[in-house]
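Below is one structure, written out as structure tokens; the observations come after it.
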């Protein structure tokens, strides 16, 4: 019954999930079993690239949940992504142990360079994976809780909220650039060796991380579907469309916004944590305000408020980015800028909206035997009401 | 009164404990359910309300009229917690001080409001709009994990009938006609099971037939609920009103039956005289 609620009337989502599930099985097999010369061989580079895109898709999903449904435009979600990434990076750094350049059993290379005597207190515990995993969720979640509580309680909304989220991620970027913070400053955290005992650079580990990212994306998608198909999902939409009316209906709007904001920040953090071992580095550049804006462009391009549109957007824009940055790096920012303008003007519902529009048009041109209104009624039917 | 019993029954399992007043019967032993006393509100020096006093009895249907800028909407904002007054007090029954509660607590406590412009949730279906308004547990966790129970769903069906939108139940609310939107909003108010309904210009933009229908509905609601109607349409007011309060420059100018009010020289001068 639950699967029915999550997946029926979500054909687009089912198609997208299906493609991801097939890719999760096929890509590692093609990568690991076929010889390099085979036309079906998937290169290590492609596996890493797709793994990255899966993490971006999860981040886009997190942004779509709050922006597309609750109307909270966060231009600072990259901050939660990066914090999750740093927490994972700290675990990976502690795994290096004596294999560092200076061979110190506990201190990291950059700490030795700075002549630190002992490990700072906030690096304690990160040698244990369970602790790091907990922190990946807890630290971004706590930041979102405090930040969201202050913002939503003061009824900061719309563009003002977007601006302070930009300020948040910018402030974090400046802080992490400082060497004294103890997160490697400019260079960030890199040169990872092992994760959970596995060599990080091997094909099998990379395939494992790729699959883990895909599973995280699927679970993230299903959890978002659970939220948006519940009564709470309807409350979020009503907050998006008429906030004060929702208050007069007896809902404490701040609590809803805060809850969904914290949940979304944790999703972004998981995406960041899976991203870091696949790219092998995390540095303060990930906090760049531009990154967070890009995420919003992915969601807008794919189609806001559909969930699967966010995944489609993350993949298509990032694919375009990979293409343009290899072909002609300087043009990418212009492409991104014009993309945002064009999508806003011409495709307010994104690629997904365009696709649905074309399909509807095709159906109108050659109408199917059954009445389309009946179709619409089944789609609209709320769970369990019938 | 069955509606009170129903509200209490719903309250026991569905209403949040955090609202101290919820589920507790509203004490109306002295008659009035709403006491608005000495309210003054000013915006940048402009006195929107000036020492306003208003008492509404339990089960009463009260019409409030007044020229533009008389403070009708501000008064509703004060009662529902949207605007905090500079002075005065607002009590719901004998013991609940509305000025200490926030909008959602007031709504949960039993005061429903219909806006001047129909504000429904256009992206949701008619059914979902009513579902949202239903007097159920409105805390985050409960809305995430629990569907409405059978009795609550039955109540939605009942209200769909009352407001005549049963065939449009799965239609997007945004696609309804203006009159239907007004009706849907009244339906949402009913789902909230309020003790007091504040209704701001319910017949604006309605056709003659719809106006008549609305008059019938509001009259039938009085008794079970206290209904306060703000309206410009004098013919409509005459058709439903028992007691009329005339506001002028933020305070009460006159109060009484429609005939009394209409013959009051002060009222004729500021309001009726103009037409």
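Just so it is clear, none of the values below were taken in a lab; they were calculated from the coordinates. Every value quoted in this text rests on a predicted model; they were computed, and no experiment measured them. Backbone-built Cβ (ideal geometry, glycine too); neighbour counts: all protein chains shown.
The mean of 1/r over all distinct Cα pairs in segment B:107-188, once inverted, gives the Kirkwood hydrodynamic radius of 13.2 Å.
Normalised by 2.2 N^0.38 Å, with N the number of residues, the alpha-carbon radius of gyration of segment B:146-275 equals 1.24. Eigen-decomposition of the gyration tensor built on the alpha-carbon atoms of chain A gives equivalent ellipsoid semi-axes of 37, 27, 19 angstrom, largest listed first. Among beta bridges from DSSP that stay inside the protein assembly as shown, the antiparallel ones total about 60%.
Among A:284-295, A:333-344, the peptide with the highest mean count of other Cβ atoms within 10 Å heads the list, and the full ranking is A:284-295, A:333-344.
Go from 0 up to the bin containing the longest alpha carbon distance in segment B:2-274, width 10 Å each, and give me the % of pairs per bin. It works out to 7, 29, 36, 22, 6, 0, in whole percents.
For segment B:50-156, the calculated P(r) over all alpha carbon pairs, in 5 Å bins from 0 to the bin holding the longest distance, is 2, 9, 16, 19, 19, 14, 11, 6, 3, 0 percent. In terms of the mean number of neighbouring beta-carbon atoms within 10 Å, the peptides B:138-144, A:309-315 order highest first as A:309-315, B:138-144. Working value for segment B:37-79: equivalent-ellipsoid semi-axes of 21, 12, 8 Å, each the square root of 5 times a Cα gyration tensor eigenvalue, largest first. The length gained by stretching the chain between residue A:202 and residue A:130 to full extension, at 0.36 nm per residue less their Cα-Cα distance, is 23.6 nm. The value of relative contact order for segment A:1-131, using C-alpha pairs under 8 Å at least six residues apart, is 11 percent.
Helical content of chain B, expressed as a calculated mean residue ellipticity at 222 nm, amounts to -10500 deg cm²/dmol (DSSP H runs of 4 or more residues, -39,500 (n - 2.57) each, divided by residue number, nearest 500). Summary of packing: across the peptides A:81-94, B:60-73, the per-residue average of other C-beta atoms within 10 Å ranks them, highest first, as A:81-94, B:60-73.
The three principal axes of the C-alpha atoms in segment A:220-335 carry coordinate ranges of 54, 28, 25 Å, sorted with the longest axis first.
Take each residue in B:167-176, count the other chain C-beta atoms within 10 Å of its C-beta, and the mean is 2. Taking each DSSP H run with n ≥ 4 as -39500 (n - 2.57) and averaging over every residue of chain A yields -23000 deg cm²/dmol at 222 nm. Pairs of Cα atoms in the protein assembly as shown fall into 20 Å distance bins, from 0 up to the last occupied one, in shares of 17, 42, 29, 12, 1 percent. Here the gap between residue A:338 and residue A:360, fully extended at 0.36 nm per residue and compared with their Cα-Cα distance, gives a gain of 5.2 nm. Taking a quarter of the surface of the Cα convex hull of segment A:293-343 gives a mean projected area of 3.1 nm². Short-range pairs are left out: with C-alpha atoms under 8 Å and at least six residues apart, the relative contact order of chain A is 30 percent.
Counting, for every residue in B:117-125, the Cβ atoms of other protein chains within 10 Å of its Cβ and taking the mean gives 5.
The equivalent ellipsoid that matches the C-alpha gyration tensor of segment A:86-136 spans semi-axes of 19, 11, 8 angstrom, in descending order. Here segment B:2-274 carries DSSP beta bridges of which approximately 55% are antiparallel, counting only pairs with both residues inside.
Take every pair of alpha-carbon atoms less than 8 Å apart whose residues are at least six positions apart; their mean separation over the length of segment B:2-274 yields a relative contact order of 25 percent. For the residues of B:97-109, the average number of beta carbons from a partner chain within 10 Å of their own beta carbon is 3.
Segment B:55-98 and segment A:223-270 have Cα centres spaced 30 Å apart.
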